[in-house]
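Heads up, the thing below is written out as structure tokens.
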Amino acid sequence: MADSQSIETRRKLTVNVRNVTKTFGAGESRVFALKEANFDAREGEMLLIVGPSGCGKTTLLSVIAGTLKFDSGEIDVFDCSLSALNAAQITEFRRKNIGFIFQQFHLIPTLSCVENVSVPLLINGVNRRVAEEKAFGLLRQVGMDNKARERPGNLSGGQQQRIAIARALVHDPRMLICDEPTSALDRENGAKTMEILCTVARQPGRTVVVVTHDNRIFQYADRMAEMEDGRVQRVHENPSHFKTGLP
Ligand SMILES: Nc1ncnc2c1ncn2[C@@H]1O[C@H](COP(=O)(O)OP(=O)(O)OP(=O)(O)O)[C@@H](O)[C@H]1O
Ligand SMILES: [Mg+2]
């Protein structure tokens, strides 16, 4: 009988990043945010990315999601080579396949919470009534349906984060990319959020990639990639034993 590790390695690759470099600026102020970074994620897994501030975590998420162009290397997401797509094709690819929870939430201040959560569906051509019904369902899941008609500016950081989580999930993306999704949440809401994200990761054909500093959530991960200085330096299988931080 196959052990869990060999099942793990047989899972289909959904993200394959090879020797990717991304720089910002030019000349003396040029910063290497990614330095020939390699990384992969597999179907059905909850993968964490950890590492010190400035090591390139958000940059890595952004190039995978196609929101940021990279300088060199190759990225395949769901067997699609991102460098072969033009800007319009990348936008189309992203809106169908990717849900993104940003470090800074990026909620639209002039829209109510339920309208914010509906946006990915409206962009995909779903009619407003159906979109809002689905959005209400997601708000219920994250315990925010009582704030559906409020504007995000009237909510706490943790409440805004839960709206951002609902918005990232509403169009059933194949890949969910999350930048510090529990940073503004208390223990109870952090645990609730991770349980929602794990449920998503276990659905067929899904992948969830989470950047975090929060060692309370290590227990939820299948694997954990440790970044340093623009690269993934180590990958830990079953990182639940790092409950109190990295060794
Ligand atoms: N738009 C930008 N312009 C210039 N430099 C940038 C830009 N975005 C990121 N950088 C630089 O690239 C490096 C990696 O940044 P990144 O945001 O990926 O780090 P991070 O690991 O997500 O950090 P944190 O944990 O603080 O969010 C840093 O040195 C940062 O200053
Ligand atoms: Mg970051």
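The values are calculated or read from the model by the stated rules, or taken from the named source; none is laboratory data. The structure displayed is predicted, hence computed values, not measured ones. Heads up, the Cβs are rebuilt from the backbone with ideal geometry, glycines too, and the neighbour counts pull from every protein chain shown. Please note that ligands, DNA and RNA were not included when accessible areas were found on the heavy atoms of the full protein model with its side chains. Shrake-Rupley method; radii C 1.70, N 1.55, O 1.52, S 1.80 Å.
Can ASP179 be described as under 24 Å from LEU60 (Cβ atoms), under 16 Å from the mean Cα position of the chain (by Cα) and of a type in the set (D, E, K, R)? So ASP179 fits the description; yes. Selection of region 144-175 for residues being charged (D, E, K, R), under 14 Å from VAL200 (Cα atoms) and surrounded by fewer than 23 Cβ atoms within 10 Å (Cβ to Cβ) yields ASP172, ARG174.
Going through region 176-204 one residue at a time, which ones are open to solvent by less than 10 Å² (accessible area, probe 1.4 Å) and within 16 Å of ligand 1 (Cβ to nearest atom)?
Answer for region 176-204, where residues must be open to solvent by less than 10 Å² (accessible area, probe 1.4 Å) and within 16 Å of ligand 1 (Cβ to nearest atom): ILE177, CYS178, ASP179, PRO181, THR182.
Residue-wise test of (1) more than 16 Å from ligand 2 (Cβ to nearest atom); (2) within 30 Å of ASN238 (Cα to Cα); (3) at pLDDT 95 or above.
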| site | (1), (2), (3) |
| --- | --- |
| ALA26 | yes, no, no |
| LEU34 | no, yes, yes |
| ALA37 | no, yes, yes |
| THR67 | no, yes, no |
| GLY73 | yes, yes, yes |
| PHE78 | yes, yes, no |
| SER83 | yes, no, no |
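Residues that are in contact (Cβ under 8 Å) with a residue 40 or more places away in the chain and either away from ligand 1 (no atom under 16 Å from the Cβ) or open to solvent by 20 Å² or more (accessible area, probe 1.4 Å) (or both) were ranked within region 205-217; the one that is farthest from PRO181 (Cα to Cα) is GLY205. Look at (1) within 16 Å of ligand 1 (Cβ to nearest atom); (2) touching a strand residue (DSSP E or B) at 6+ places or on another chain (Cβ under 7 Å) and you find that PHE93 fails only one, number (1). Among the residues here, GLN141 qualifies as surrounded by 14 or more Cβ atoms within 10 Å (Cβ to Cβ) and more than 16 Å from ligand 1 (Cβ to nearest atom). Pick from LEU185, LEU138, LEU176: which is away from ligand 2 (no atom under 16 Å from the Cβ) and under 17 Å from SER112 (Cβ atoms)? It is LEU138.
Restricting ASP179, ASP229, ASP222, ASP145 to residues that are among the acidic types (Asp, Glu) and without any contact (Cβ under 8 Å) to a residue 40 or more places away in the chain narrows the list to ASP145. For region 122-176, the set of residues classified as over 20 Å from ASN189 (Cα atoms) and aliphatic (A, V, I, L, M) consists of LEU122, ILE123, VAL126, VAL130, ALA131, MET175, listed by residue number. Which one of these does GLY143 not meet: (1) modelled with pLDDT of 95 or more; (2) in a loop (DSSP other than H, G, I, E, B); (3) closer than 20 Å to SER183 by Cβ? So the condition that GLY143 fails would be (1).
Taking ASP40, is it farther than 21 Å from GLN203 by Cα and touching a residue at least 24 places away in the same chain (Cβ under 8 Å)? Considered against the rule, which asks whether it is farther than 21 Å from GLN203 by Cα and touching a residue at least 24 places away in the same chain (Cβ under 8 Å), ASP40 comes out as no.
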